[in-house]
Amino acid sequence: MSAHSVHDREPIPRYWLYGEPPAVPELRFVHIETIPERMRLYNWEVRPHRHDGLSHALLVTDGGGVLTADGVEVVFRAPALIVVPAQVVHGFRFDPGTDGHVLTMSEGFLAGVLGAAPEAELREAPALPRAWDLEAGSDEAAALERCFADIRREFRAHHAGRASAISAQVMLLLVAALRLAADRRPDEAGRDGPGVSPDLRLLARLRPMIDERFGQHWPVERYAAALGVTPGRLNAACRRVTGLSTLQLVHARLMLEARRSLIYTSHGMAEIGYALGFEDPAYFSRFFSKREGCSPQAFRRAHAGGPAEGGPAESDATGGSIDGNGLDRTGGGSPQ
């Protein structure tokens, strides 16, 4: 695997589906397809862009190409595992005929999977864009191929317990990514994130800290101090990588947890607000309404009928996501 820096001064677009206006994904959105299913539509190339709240995992089983992540090009050859976290600027140039799987997951879905993991280090596994060349015929390559194949089979079959089965396989995928990162020798570290920008590395350290502290309502200055940088440096990095300020990232995490609590629990508004660090229920309601465009009560009514906390959410016949939220509007394409 090799890498070299690239410079692209063109504005970086945001998409929902590639080429479509941005949209906020449902909490438990998941989609999987083969690489050729989408790449044939774009002549095997997707220009650098980013998504709001969607992460990718790709298993390349034949062929190869180039991943562009935050201004750096990484060459990969099959078999290879590629992870692209949400909001990271990325693009692909695949060799024609490349095969494999593309798994797309919302931050809400990943938060639910990671929340069930007893190992804290798992939460850091998807923090940086990574591309690992695997050894052909190795046990790890075979295990990952089975993992992606099982996700695809469950996604298409609509059997009972579908969401739980997919979540279990994604957990195994995250464990595999964690072990691949841990197994790389220090002199191979550059292969996992060659040339990754200081901004992106800073964001990779910030994200698990936000996951741990968002309910404590830390000010930006406290996050910056914990990371050993100035608030201005932290805000600049956040804006360059995600287009959002540090405070907006923290608020986005609060909103994600609020939506999950409103849909998947029967807790009252005050109880949910207190759990999220809001001492005044009225302030929680204003905070939520300003960012969602409706009150917490209205949001819960609109999502009435969701599963109980911890229970699997099943899909409708469209196969758009494991919650059947219909976001797979193209009838077969996923974001790239």
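The values are calculated or read from the model by the stated rules, or taken from the named source; none is laboratory data. Predicted, not measured: the structure shown is a model, and the values here were computed from it. We work out accessible area using only protein heavy atoms, side chains counted, and drop any ligands, DNA or RNA first. Shrake-Rupley method; radii C 1.70, N 1.55, O 1.52, S 1.80 Å.
Distances between placed amide hydrogens fall under 5 Å for Gly53 paired with Gln87, all partners being 5 or more residues away or on another chain. Computed extension gain for Arg40 through Met171, at 0.36 nm per residue and net of the alpha carbon distance, reaches 44.2 nm.
Reported value for the range 232-272: 63 Å³ per residue, from the convex hull of its C-alpha atoms. Taken per residue, the accessible surface of the range 34-131 reaches 32 Å², heavy atoms only and a 1.4 Å probe. The share of accessible area on the range 32-85 that comes from carbon and sulfur is 44 percent, using a 1.4 angstrom probe.
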